[in-house]
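What follows draws every value from the coordinates through simple rules; no lab data is involved. These numbers come from a predicted model, not from an experiment.
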Amino acid sequence: MNTKKIESLNFESAMAELESLVTKIEAGNLSLEESLKEFEKGITLSRVCQKALTNAEQRVKILSEDGETEDDFSPALSNA
């Protein structure tokens with residue numbers, strides 16, 4: 001799979017491909033050269049996943065009323 005094709009994958013497909021790739025590398029049946037090639041592919045896949053997650057986070061922030069995410073939320077302490 002070439003870089004352009006990898007970059008066109010959606011998050012779920014990229015993640016599934018990455019998981020498959022990790023299993024393949026961890027099996028230990030690849031030559032050093034093949035392992036490096038697969039590792040490079042994995043880096044590209046992880047960047048696709050990170051970009052998709054970043055885009056999703058930005059969309060959530062835009063859609064929320066005040067731009068706060070759950071991590072940013074700090075409820076006021078009450079004296080009750």
Segment Arg59-Ser20, extension gain: residue separation times 0.36 nm, minus the distance between their alpha carbons: 11.2 nm
Cross-link pairs beyond the 25 Å C-alpha cut-off, checked among Lys4/Lys51; Lys4/Lys24; Lys5/Lys61: Lys5/Lys61
Net length gained if the chain between Gln50 and Leu30 were fully extended (0.36 nm per residue, minus Cα distance): 4.5 nm
